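Reviewing the structure listed below.
The values are calculated or read from the model by the stated rules, or taken from the named source; none is laboratory data. Note that the coordinates shown come from a computational prediction; the quantities given were computed from them, not determined experimentally. Backbone-built Cβ (ideal geometry, glycine too); neighbour counts: all protein chains shown.
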Ligand code: NAD
């Protein structure tokens, strides 16, 4: 087996995990790391006994493939330098800050015959892979992606940071254009939206309703799919899948609940998820984690020249849709009035306090 010489640019929260996994995979030879925070680079390099390079172009001379795990604002300049040298690049999600940059990266990769993969890691979540491989034609999808506030990725908003995962999954599941986008979003801390909600309508009639928040007390990542074939409930955190399908009898004749005598209704209720709707609960957690599987695919594609599951074009398409969501939420009026507050930063003034501020919030107590 040819070992792919690989490096990691940006070894912060996620990049250090790339380095750890690549350092242990037999098909990879982790050559070195780059980070503008030199102490960080030295620490991660020492852990894996690899070199520190001062700049990604120094690293480029020693490797076949590179993971770009810098903040999103640097994906375009770093990845385009590497792609121009013909190196295989795994750029973390989102591929770039905007559609123009994403299109440029796809073009540069094509022009130089270089592999460009994007780190949409949920495609490798086994709780998603399972229903993806089954005959399901979604007609309504509801998604909740709630994260805790980490202070990272503040160069982008919740749409590009979190919702982009689900936009990519929906494009992958449905493989058809989005014909209508409605959205709203709210800024809590920063200059970008910290929560966002979108309603998308696909050309084939499917409607998707997505909420993303990065200021939640607990993480929650769920997708619920309703289809003629049944229902699939995906829990991305726990890697659990719930599948429900109508029995053959219900598919053929439905269920005439009105014909059931009042005294038999309790039994009917007990039989719903036994006889009439068949349910399977699957624990999909496997032995390998998603990042390992994503990196293995990257190394494989870099080695044999195959097309990855999440190509540069897929990363670009997710950004194109994310931009439509951001455009819609920036145009959202909170008062149905073009002269009133519009968009995530411009909320109507708060009407009061939902509860009495705690003792240490002296400013809040004075205002209350
Ligand atoms: P982070 O801030 O923890 O780490 C980024 C690192 O990059 C820092 O150590 C920083 O010093 C370094 N850096 C900055 N500019 C650089 C440059 N030009 N060259 C080299 N190093 C540079 O951020 P993070 O949370 O690890 O996120 C990194 C990227 O990964 C972001 O694009 C983020 O959206 C993405 N991400 C993806 C997922 C996922 O689920 N796939 C999860 C988390 C983060």
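Among the residues of the range 14-43, just one is within 15 Å of the ligand (Cβ to nearest atom), in a loop (DSSP other than H, G, I, E, B) and either in contact with a strand residue (DSSP E or B) (Cβ under 7 Å, 6 or more places away or on another chain) or at pLDDT below 95 (or both), namely 14.
For the condition out of contact with any strand residue (DSSP E or B) (no Cβ under 6 Å at 6 or more places or on another chain), without any contact (Cβ under 8 Å) to a residue 40 or more places away in the chain and at negative phi, what is the one hit in 120, 55, 75?
Of the residues listed, the single one that is out of contact with any strand residue (DSSP E or B) (no Cβ under 6 Å at 6 or more places or on another chain), without any contact (Cβ under 8 Å) to a residue 40 or more places away in the chain and at negative phi is 55.
Note on the range 185-224: residues that are assigned to a strand (DSSP E or B) and at pLDDT below 95 total 0. Scanning the range 330-348 for residues that are assigned to a loop (DSSP other than H, G, I, E, B) and either exposed (fewer than 14 other Cβ atoms within 10 Å of the Cβ) or more than 24 Å from the chain's Cα centre (by Cα) (or both) yields 331, 334, 335, 336, 337, 338, 339, 340, 341, 346, 347, 348.
From the list 170, 160, the one residue that fits, being more than 15 Å from residue 146 (Cβ to Cβ), in a helix (DSSP H, G or I) and in contact with a strand residue (DSSP E or B) (Cβ under 8 Å, 6 or more places away or on another chain), is 170.
In the set 75, 18, 13, only one residue is surrounded by fewer than 17 Cβ atoms within 10 Å (Cβ to Cβ) and under 21 Å from residue 290 (Cβ atoms); that residue is 13.
Filtered by the rule that a residue be surrounded by fewer than 20 Cβ atoms within 10 Å (Cβ to Cβ) and assigned to a strand (DSSP E or B), the range 1-10 gives a lone residue, 5.
Residues in the range 216-228 include none that are buried (at least 18 other Cβ atoms within 10 Å of the Cβ), within 13 Å of the ligand (Cβ to nearest atom), more than 15 Å from the chain's Cα centre (by Cα) and under 29 Å from residue 74 (Cα atoms).
Condition check ((1) assigned to a helix (DSSP H, G or I); (2) without any contact (Cβ under 8 Å) to a residue 24 or more places away in the chain) across all residues:
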| residue | (1), (2) |
| --- | --- |
| 280 | no, no |
| 287 | no, yes |
| 293 | yes, no |
| 298 | yes, no |
| 301 | yes, no |
| 325 | yes, no |
| 328 | yes, no |
| 351 | no, yes |
| 354 | no, yes |
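Could you tell me whether any residue of the range 274-284 is in contact with a helix residue (DSSP H, G or I) (Cβ under 8 Å, 6 or more places away or on another chain) and closer than 30 Å to residue 8 by Cβ? Scanning the range 274-284 turns up at least one residue that is in contact with a helix residue (DSSP H, G or I) (Cβ under 8 Å, 6 or more places away or on another chain) and closer than 30 Å to residue 8 by Cβ. Within the range 40-51, is even one residue surrounded by 23 or more Cβ atoms within 10 Å (Cβ to Cβ) and more than 20 Å from residue 299 (Cβ to Cβ)? Among the residues of the range 40-51, at least one is surrounded by 23 or more Cβ atoms within 10 Å (Cβ to Cβ) and more than 20 Å from residue 299 (Cβ to Cβ), which makes the answer yes.
Listed by first and then second residue, the pairs with beta-carbon distance under 7 Å, at least 6 apart or on different chains, first residue in the range 356-368 and loosely packed, with under 11 Cβ neighbours inside 10 Å, second in a loop (DSSP other than H, G, I, E, B), are 356/368. May I ask you to verify whether residue 244 is surrounded by 13 or more Cβ atoms within 10 Å (Cβ to Cβ) and within 20 Å of residue 148 (Cβ to Cβ)? For residue 244, the condition - surrounded by 13 or more Cβ atoms within 10 Å (Cβ to Cβ) and within 20 Å of residue 148 (Cβ to Cβ) - is not met.
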